[in-house]
Structure formats: C-alpha cells, structure tokens
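To start, the structure under review is shown below, and the notes come after it.
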Amino acid sequence: MHDQVDATIYIVDDDEDFRTSMQWLLESANHKVVTFESARDFLTNFKGGVGCMLLDVRMPDVNGLALQQIMQERGIHMPIIVISGHGDIQMAVSAMKQGAMDFLEKPFSGDAVLHLVDKALTRARKAHQQRSEIQEVADCYDSLSRREREVMGLVVDGHANREIAEELGISPKTVEVHRSRVMSKMRAGSLAVLVQQAAKIKQLQ
C-alpha cells in the first residue's frame, strides 16, 4: 500500500495523551501522521494533501461536527473516522450522517483503529486517483476549440458525421477533421473512451 500515493493521517483531538499514543501506534505501522490540538489548529495549518482524519467529535471551541461542516464548505475532502467518548454516540451518528466514514468509541483496540485507517487510506488514494484522472481529462478538454467541443458533444451523443455536418452547417469532411482532432487532443483511443471522458467532464460542470 505504501508504494502508492503518499498519504497522511491527520489526528484532531484536544487530548494530548491520546494524540501522542495514536501517533506512536500509527507511525509504528509506517504511517505518516500529523496531529492537531483543535479544529482551529487544523484549519489554520492544514496545507492540503491526500489522507484521512481521526476526529474527536467533542472538543472545546469548535467541535468535530462543526469542523466537518467547515471542511465541506472549504472543499477539504478526506475520509473521516470519528472518535467518540462514552455518551457521545448520538454525536458520532450525526457525524456519520454528515459523511464520516466510520466511528470508534473510546476505549478501542489498536487493531481496530489500524484496520479502519487502512480502509480510509485506500479510499483516500482511490478518490485522489479519480480526481487526478478527471483533472487530466478537463485539461485536455480545455485545449479543444469551440467547434471541436461542439463536434465532441454530438459525437458522444451518438450522431453520425453526416448528421453532425447538417447540425453544424459544415461538410462531412470538415466534421471528420474536427473529430480526428478531438480524438487526438483528448487522447481517446476509441469512441467508448471519449464517452467516458465526456461523463467525467460533466462532473466538473
């Protein structure tokens, strides 16, 4: 797993002893760990990157639920494992409803957190790969001319060159030239690939 994209585990908890013990456990399993003593500490010092979060749901000032909401508003996306103490289960459930991946109730075993962290990092790496692929397609799409985008849209909708020519008021030969340029610029080896790329572009619109 660790020969893939570098990933970091972010621990956000106001309990220093807990942060220290979790950091030791995770680093002993060859994970990269960064700790924060509060939600504000995280929001101020987080520099971006691929990873997951161990988040204490009950913290002074800004609690875990509020941090989740702020992260969503700021476009900070990562799998979150909520840490809850006794009596905080309802807050943990609320965090799950807001998109947290899972939750652990203190006290929990080292094996339990390592299992969830591995699962979260796998999900984080997959999401990063998907975002990278979408961005690569978007960059290719940005290189298309307005006419090439029009042709691409009609091609992926299943129209033949003759139909596209009639729709755009150009010759079938010109359509073929534009279509060839689209396939080249989009690095699409087939129509099926081009259709998949068009679907990814729609995710950004």
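FYI, it's all coordinate maths here, none of it is from the lab. Just so it is clear, the structure is predicted and the values come from calculations on it, not from any experiment. Here the Cβ is made from the backbone with ideal geometry for all residues, glycine too, and neighbour counts use every protein chain on show.
Sequence gap at least 6, Cα distance under 8 Å: using those rules, report the relative contact order of the chain to the nearest whole percent.
Details: 254 pairs, mean separation 31.4, N = 205.
Computed over the chain, the figure is 15 percent.
So the label point goes 7 Å from the Cα of residue 74 along Cα→C-beta, right? Which residues of segment 22-50 then have their backbone N under 14 Å from it?
36-49
Past 21 Å, Cα to Cα, is the threshold; run 97/119; 32/126; 119/200 against it and keep the listed order. Intermediate values should be presented prior to the final figure.
Values: 97/119 19 Å; 32/126 18 Å; 119/200 25 Å.
Violating the 21 Å limit, Cα to Cα: 119/200.
Taking only C-alpha pairs under 8 Å that are 6+ residues apart, what is the relative contact order of segment 143-204 in percent?
On the way: 40 pairs, mean separation 21.4, N = 62.
Value for segment 143-204: 35 percent.
Using each residue's phi in segment 156-167, evaluate 6.51 cos²θ - 1.76 cosθ + 1.60 at θ = phi - 60° and report the 3J(HN,Hα) Karplus result to the nearest Hz, with x for Gly and Pro.
6, 7, x, 7, 6, 4, 4, 5, 5, 4, 5, 5
What number, rounded to the nearest 500 deg cm²/dmol, is the helix-based mean residue ellipticity at 222 nm of the chain, given -39500 (n - 2.57) per DSSP H run of at least four residues and division by all its residues?
Details: 9 runs with 120 residues, N = 205.
Helix-only estimate at 222 nm: -18500 deg cm²/dmol.
May I ask you to order 46-56, 104-114, 63-73, 143-153 by the average number of other C-beta atoms within 10 Å around their residues, highest value first?
Values: 46-56: 19.5, 104-114: 13.0, 63-73: 17.8, 143-153: 16.1.
Result, highest mean Cβ count within 10 Å first: 46-56, 63-73, 143-153, 104-114.
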